[in-house]
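For reference, the structure discussed in these notes is given below.
The values are calculated or read from the model by the stated rules, or taken from the named source; none is laboratory data. Worth saying up front: this structure is predicted, and the values here are computed from it rather than measured. Every residue, glycine as well, gets a Cβ built from its backbone with ideal geometry; the counts of neighbours run over all protein chains shown. The protein model used for the area step is the full one, side chains on, heavy atoms only, and it has no ligands, DNA or RNA in it. Shrake-Rupley method; radii C 1.70, N 1.55, O 1.52, S 1.80 Å.
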Amino acid sequence: MASLSVKPGQRFTVPDWQNNCNLISADAEHQRSTSHHIRQEGRALRNDTGNQAKWDENETRTRLKDRITSVDRWREALAKCLTDIDLEIDALTKAKEAAEDALQAKNLCLDVAIECLTFRESRRDIDVVRDPVEEELHREVKVIEKTKKELQQKVDEAFKQLCILKEARQQLNFDHRHKVEALDLDRQCLSFNVTSGNISFKVNPTRVPYGTTVLREWEQNSQFNKDHAEAEMKASVELRGAIMLTIAQTNNELDAQRIATEFALRKRIRDMEGALSELRWQEKNTLEEIAEMEEDIRQLEEDIRKRTLDLKVAHTRLETRTYRPHVELCRDQAQYGLTGEVQQLEATIRALQQKRTESQDALDALYRQLHRIQTDIGYKTNSLQLDNKCMDTRRKLVIPVEKFDPDVDAVSRTRNLPRNSQLEL
């Protein structure tokens with residue numbers, strides 16, 4: 001007879017079962033209520049944050065546009081200032097070149113006056129008098145030196161002003177270039193949106209970079225650069241006017257003092273030609289001595305080569321005789337003779353080498369002396385050419401200075417001018 005199996009375990013009552021169902025139902029309703037409340041809060045938060053994000057992004061775009069407008073306005077102002085300062089630099093450069101040309105033109109007048117005074121010092125005995133011509137020449141030298149000093153001062157002032165203008169332009173250029181870069185970056189920032197392909201998270205984006213300035217300092221820097229450039233341009237305009245006035249005044253003073261006289265340079269030319277003839281004779285003899293010395297050195301080297309071959313033969317003979325067998329390896333007369341020959345050849349080679357060294361030193365000295373002679377010939381040839389050109393010195397003054405382009409560089413010959421006391425000796 002089969003029996004009913006009873007599964008072991010805890011048995012709940014019906015009230016327990018009903019309580020459990022009621023508890024599950026109550027928990028479900030509570031969770032739904034909580035979820036509904038969270039959903040409502042999430043929707044409100046989404047709405048608020050979305051609106052706030054749109055408003056913040058719109059405000060950021062507005063600020064970026066305002067900033068771009070402000071920077072672009074300063075960029076245009078700096079660009080205009082750069083154009084103006086470039087024009088002023090060109091104008092001042094031309095004025096400086098005009099002053100330098102006027103200064104260079106004065107060198108010819110001063111050169112002629114000093115040459116005339118130098119020529120007149122060759123007078124002898126009673127002819128050495130202080131006549132009106134000499135007085136006018138001394139007065140001309142003083143006027144030319146005064147005008148040159150004034151022009152040189154204006155040239156120096158123009159150079160310094162050009163350096164200041166270029167420095168101001170460099171600051172303007174840096175500021176302008178930085179603003180162009182800032183505009184590009186701000187416009188790039190303005191073009192960013194959520195669909196841009198190059199947006200990403202950055203490390204510590206809210207940091208304040210090193211060297212960050214405040215807005216007031218930024219504006220003051222640009223304003224200072226602009227004001228400084230405008231002030232220096234104004235000073236440059238005044239300096240250009242002063243340069244033109246100085247050039248006109250100095251030309252008028254020189255035109256009032258210019259005198260027409262001529263002096264001859266034949267004596268100096270004859271002396272220079274005589275010195276050149278002597279130097280060319282020395283050059284010829286030195287070249288002949290160099291040729292003979294080079295030939296002697298070649299003969300010494302040939303003798304050294306021959307004696308070296310003889311020494312090789314003697315060495316070979318001595319080395320070969322060392323292979324004589326047994327008692328045959330004796331110091332005979334041939335051995336003594338070969339040894340003496342080697343010693344004599346070595347002494348001979350040393351003497352020949354010493355003489356070759358002495359000859360080479362003498363040859364080097366001859367070449368140095370030849371170089372000195374040829375250099376001196378070049379100097380004197382150049383001096384002779386300059387003296388020949390001085391024959392037409394006073395004739396050149398009949399041509400207006402501003403139209404005359406001197407063939408002779410008078411600057412190098414009149415830079416170290418004699419003092420007034422030297423001119424009066």
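Tell me, which residue of the range 284-302 that is over 47 Å from the mean Cα position of the chain (by Cα) and closer than 15 Å to Arg368 by Cβ is most open to solvent (accessible area, probe 1.4 Å)?
Only one residue fits best here, namely Glu289.
Inside the range 86-104, can you point out the residues that are within 11 Å of Leu162 (Cβ to Cβ) and open to solvent by less than 40 Å² (accessible area, probe 1.4 Å)?
Passing the criteria: Glu88, Ile89, Ala91, Leu92, Ala95, Lys96.
Consider only pairs whose beta carbons are under 8 Å apart and that are at least six residues apart or on different chains; among these, list those whose first residue lies in the range 154-171 and is open to solvent by 80 Å² or more (accessible area, probe 1.4 Å) and whose second residue is basic (Lys, Arg) and part of a helix (DSSP H, G or I).
Qualifying pairs under 8 Å: Phe159/Lys96.
Take the residues in the range 326-353 that are hydroxyl-bearing (Ser, Thr, Tyr) and without any contact (Cβ under 8 Å) to a residue 40 or more places away in the chain; name whichever of them is nearest to Arg298 (Cα to Cα). Write out each step before concluding.
We begin by selecting, within the range 326-353, every residue hydroxyl-bearing (Ser, Thr, Tyr); these are 336, 339, 348.
Imposing the further condition that a residue be without any contact (Cβ under 8 Å) to a residue 40 or more places away in the chain reduces the set to 336, 339.
Numbers: Tyr336: 33, Thr339: 29 Å.
Once the filter is applied, the top-ranked residue is Thr339.
Tally up the residues in the range 238-257 that are more than 15 Å from Gln152 (Cβ to Cβ), open to solvent by 70 Å² or more (accessible area, probe 1.4 Å) and over 34 Å from the mean Cα position of the chain (by Cα), please.
Qualifying residue count for the region: 3.
Does the range 124-138 contain at least one residue that is modelled with pLDDT of 75 or more and either of a type in the set (A, V, I, L, M, F, W, C) or open to solvent by 10 Å² or more (accessible area, probe 1.4 Å) (or both)? Outline the logic, then answer.
Going through the range 124-138, the residues modelled with pLDDT of 75 or more turn out to be 138.
Of the ones still in play, those that are also either of a type in the set (A, V, I, L, M, F, W, C) or open to solvent by 10 Å² or more (accessible area, probe 1.4 Å) (or both) are 138.
Checking the range 124-138: at least one residue is modelled with pLDDT of 75 or more and either of a type in the set (A, V, I, L, M, F, W, C) or open to solvent by 10 Å² or more (accessible area, probe 1.4 Å) (or both).
Based on this model, can you work out whether Tyr323 counts as surrounded by fewer than 15 Cβ atoms within 10 Å (Cβ to Cβ) and free of Cβ contacts under 8 Å to residues at least 24 places away in the same chain?
On the way: surrounded by fewer than 15 Cβ atoms within 10 Å (Cβ to Cβ): yes; free of Cβ contacts under 8 Å to residues at least 24 places away in the same chain: yes.
When the stated conditions are applied, Tyr323 passes them.
Restricting to the range 335-368, name every residue that is under 30 Å from Glu273 (Cβ atoms) and open to solvent by 80 Å² or more (accessible area, probe 1.4 Å).
First, the residues of the range 335-368 that are under 30 Å from Glu273 (Cβ atoms): 365-368.
Answer for the range 335-368, where residues must be under 30 Å from Glu273 (Cβ atoms) and open to solvent by 80 Å² or more (accessible area, probe 1.4 Å): Tyr367, Arg368.
Mind counting the residues in the range 197-244 that are assigned to a loop (DSSP other than H, G, I, E, B) and of a type in the set (Lys, Arg)? Explain how you work it out, then say what you get.
Within the range 197-244, the subset assigned to a loop (DSSP other than H, G, I, E, B) is 197-214.
The next check asks that each one be of a type in the set (Lys, Arg); those that pass are 202, 207.
Matching residues across the range 197-244 total 2.
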